[in-house]
Amino acid sequence: MTSITETTSGSCTGQFEGLRRELANQLASGAELGASIAVVVDGEPVVDIWGGYRDPERTRPWASDTIVNVFSITKTMTALSALLLIDRGELDAHRKVAHYWPEFAANGKGDIEIRHILGHTSGVSGWQPPMAVPDLYDTEAAAARLAAQPPWWEPGSASAYHCLNYGHLVDAVVRRITGRSLGAFFADELAGPLGADFHIGTGPEQHDRIAPLIPPPALEFDMTLLDQESILVKTLTSPLLDVAMTATPQWQQAEIGAVNGHGNARSVARVQSLVSNGGTLAGREFLSGKTIDLIFEQQSDGVDLALMVPLRFGIGYGLPQPQTAPEVPAGRVCWWSGYGGSIVVNDLDRRMTFAYTMNKMEPGIIGSARADAYLRATYAAVRG
């Protein structure tokens, strides 16, 4: 029988051997192709494990420095960038977006606040069709289109997940405050100082380390049967994401702050542990307690108009919601997941951050069965 140390690489404390065993079992069963898991407690790594393969032919092992497109975990990095500006007094979550980005006031959007963008309640959850995936790559032109269109529902009244445009909206504000793109700001102010191997805009020099994504089974549902003017259809199909395009240099090098961040569990947990560790990391305070409290300022709690499932949003993150959220406990916990199953959870009550990234995608946008299995093993360890 193959031992878990032969199936997985990296290190973990004895307390988390059950989590390592769960990863080994998922890899051995074939449910998992390649993956990494990290846990940080009190700002210190206690789990940093990986295993499996980068390719479906199983010829290239997943290595310590393998990175992967983590889809919407990118949004947590984008949100953290905005929170950093809030902490510095350069951005106000309760101020109008148009204060920073005047063009955004067009077509009845003058009263939309920064918190509405960060909490998915802005009324601007996507682009008015037509919109193609390559149109995402010109970040400023795509943002200008968002600035020109009207809101699709009353801002602040409900959430509709800003699936693909979250980063474009935040990027436009970051550019006007700092003169830098979101990807450059994140690299300069967060990834660089923290030594985190996470990229919003991934250069060609990183290409050989990227594990290509294996798409989930296609949904057996005809979207043409739905109202094409509905918020759901416009948000999720304008443009319709094609997983195959994530393997192209154009996708990888673009700065799509909603969905094209590349990293691994170690780098995700490193950056996000800023939140679980009270805003201080590497001997430096990045965020005050007051700024972290903003994350838990509830913006919505109900059926999301784009995903049609109950979700609860704070500022920049999802909050515990027992009907839909993955297996995270109640309390001061914030989280988000990426299409296909990747996830990050910041548990402030336990001063713990959990991160999971993988290349074999599961169906669905919110969480996955494998992510839940790893979360159960993690919480069994910290509660045990």
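Kindly indicate which of GLY367, GLY341 is part of a loop (DSSP other than H, G, I, E, B), surrounded by 24 or more Cβ atoms within 10 Å (Cβ to Cβ) and on the phi > 0 side of the Ramachandran plot. Reasoning before the result, please.
Working: GLY367 fails: surrounded by 24 or more Cβ atoms within 10 Å (Cβ to Cβ).
None of the other options fit; the residue is GLY341.
Checking the condition modelled with pLDDT of 95 or more and in contact with a His (Cβ under 7 Å, 6 or more places away or on another chain), which residue from PHE296, PHE313 passes?
Matching residue, one of PHE296, PHE313: PHE313.
Output the number of the condition that TRP101 fails; it satisfies all remaining conditions of (1) buried (at least 18 other Cβ atoms within 10 Å of the Cβ); (2) in contact (Cβ under 8 Å) with a residue 24 or more places away in the chain; (3) in contact with a Leu (Cβ under 7 Å, 6 or more places away or on another chain).
It fails just one condition, (3).
Could you list, ordered by first residue, the pairs with Cβ atoms under 8 Å in which the first is in the stretch 336-363 and farther than 17 Å from VAL259 by Cβ and touching a residue at least 12 places away in the same chain (Cβ under 8 Å) and the second is part of a loop (DSSP other than H, G, I, E, B) and of a type in the set (Asp, Glu), at least 6 apart or interchain?
From the stretch 336-363, the pairs are ARG351/ASP42; LYS360/GLU32.
So which residues in the stretch 179-213 are of a type in the set (S, T, N, Q) and closer than 19 Å to ALA258 by Cβ?
From the stretch 179-213, those of a type in the set (S, T, N, Q) are 181, 202, 206; that's our starting set.
Within the stretch 179-213, SER181, THR202 meet the criteria.
Would you call ASP171 part of a helix (DSSP H, G or I), within 25 Å of THR353 (Cβ to Cβ), without any contact (Cβ under 8 Å) to a residue 40 or more places away in the chain and of a type outside the set (Phe, Trp, Tyr)? Outline the logic, then answer.
Working: part of a helix (DSSP H, G or I): yes; within 25 Å of THR353 (Cβ to Cβ): yes; without any contact (Cβ under 8 Å) to a residue 40 or more places away in the chain: no; of a type outside the set (Phe, Trp, Tyr): yes.
No: the conditions fail for ASP171.
Residues checked against (1) outside any strand (DSSP E or B); (2) buried (at least 22 other Cβ atoms within 10 Å of the Cβ); (3) among the polar types (S, T, N, Q):
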site: PRO320; (1), (2), (3): yes, no, no
site: THR324; (1), (2), (3): yes, no, yes
site: GLU327; (1), (2), (3): yes, no, no
site: GLY331; (1), (2), (3): yes, no, no
site: TRP336; (1), (2), (3): no, yes, no
site: ARG350; (1), (2), (3): yes, no, no
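What do you reckon, is LEU83 at pLDDT 95 or above, buried (at least 24 other Cβ atoms within 10 Å of the Cβ) and out of contact with any Phe, Trp or Tyr (no Cβ under 7 Å at 6 or more places or on another chain)? Even if it seems obvious, please write down each step before you answer.
Values: at pLDDT 95 or above: yes; buried (at least 24 other Cβ atoms within 10 Å of the Cβ): yes; out of contact with any Phe, Trp or Tyr (no Cβ under 7 Å at 6 or more places or on another chain): yes.
Criteria met by LEU83.
Name the residue that is surrounded by the most Cβ atoms within 10 Å (Cβ to Cβ), counting only residues in the stretch 114-130 that are touching a Gly at 6+ places or on another chain (Cβ under 7 Å) and either in a helix (DSSP H, G or I) or at pLDDT below 95 (or both).
Looking at the filtered set, the residue picked out is LEU118.
Among the listed residues ALA148, ALA184, ALA158, which satisfies the condition of being surrounded by fewer than 23 Cβ atoms within 10 Å (Cβ to Cβ) and out of contact with any Ser or Thr (no Cβ under 9 Å at 6 or more places or on another chain)? Reasoning before the result, please.
Details: ALA184 fails: out of contact with any Ser or Thr (no Cβ under 9 Å at 6 or more places or on another chain); ALA158 fails: out of contact with any Ser or Thr (no Cβ under 9 Å at 6 or more places or on another chain).
The unique qualifying residue is ALA148.
Do you know which of the residues in the stretch 141-168 that are small (Gly, Ala, Ser) and part of a helix (DSSP H, G or I) is nearest to the chain's Cα centre (by Cα)?
Residue satisfying both the conditions and the ranking: GLY167.
Within the stretch 62-70, is there a residue that is outside any loop (DSSP other than H, G, I, E, B) and surrounded by fewer than 21 Cβ atoms within 10 Å (Cβ to Cβ)?
Taking every residue of the stretch 62-70 in turn, none turns out to be outside any loop (DSSP other than H, G, I, E, B) and surrounded by fewer than 21 Cβ atoms within 10 Å (Cβ to Cβ).
I'm told ASP301 meets every condition in (1) part of a loop (DSSP other than H, G, I, E, B); (2) of a type in the set (D, E, K, R); (3) free of Cβ contacts under 8 Å to residues at least 24 places away in the same chain except one. Can you identify the failing condition by its number?
Failed condition: (1).
Just for the stretch 236-260: of the residues that are closer than 21 Å to LEU146 by Cα and in contact with a Phe, Trp or Tyr (Cβ under 7 Å, 6 or more places away or on another chain), which one is modelled with the lowest pLDDT?
Among those that are closer than 21 Å to LEU146 by Cα and in contact with a Phe, Trp or Tyr (Cβ under 7 Å, 6 or more places away or on another chain), it is SER238.
Inside the stretch 18-61, can you point out the residues that are touching a residue at least 60 places away in the same chain (Cβ under 8 Å), part of a helix (DSSP H, G or I) and of a type outside the set (A, V, I, L, M)?
Scanning the stretch 18-61 gives GLY18, ARG21, GLU22, GLN26.
Being buried (at least 21 other Cβ atoms within 10 Å of the Cβ) and more than 26 Å from LEU219 (Cβ to Cβ) narrows it down to one of PHE296, PHE354, so name that one.
Working: PHE296 fails: buried (at least 21 other Cβ atoms within 10 Å of the Cβ).
From the options PHE296, PHE354, the qualifying one is PHE354.
Among the listed residues ASP138, ASP111, identify the single one that is in contact with a strand residue (DSSP E or B) (Cβ under 8 Å, 6 or more places away or on another chain) and either under 30 Å from ALA244 (Cβ atoms) or not aromatic (Phe, Trp, Tyr) (or both).
On inspection, the qualifying residue turns out to be ASP111.
Could you run through the stretch 94-113 and say how many residues are out of contact with any Ser or Thr (no Cβ under 9 Å at 6 or more places or on another chain) and either of a type in the set (A, V, I, L, M) or assigned to a helix (DSSP H, G or I) (or both)?
Qualifying residue count for the region: 10.
Would you mention how many residues in the stretch 304-318 are crowded, with 20+ Cβ neighbours inside 10 Å and touching a residue at least 60 places away in the same chain (Cβ under 8 Å)?
Going through the stretch 304-318 one residue at a time, the tally reaches 10.
The values are calculated or read from the model by the stated rules, or taken from the named source; none is laboratory data. Predicted model, so just to flag it, every value in this text is computed and none were measured. Quick reminder, even Gly has a Cβ in these numbers, built from the backbone with ideal geometry, and neighbours come from all protein chains shown.
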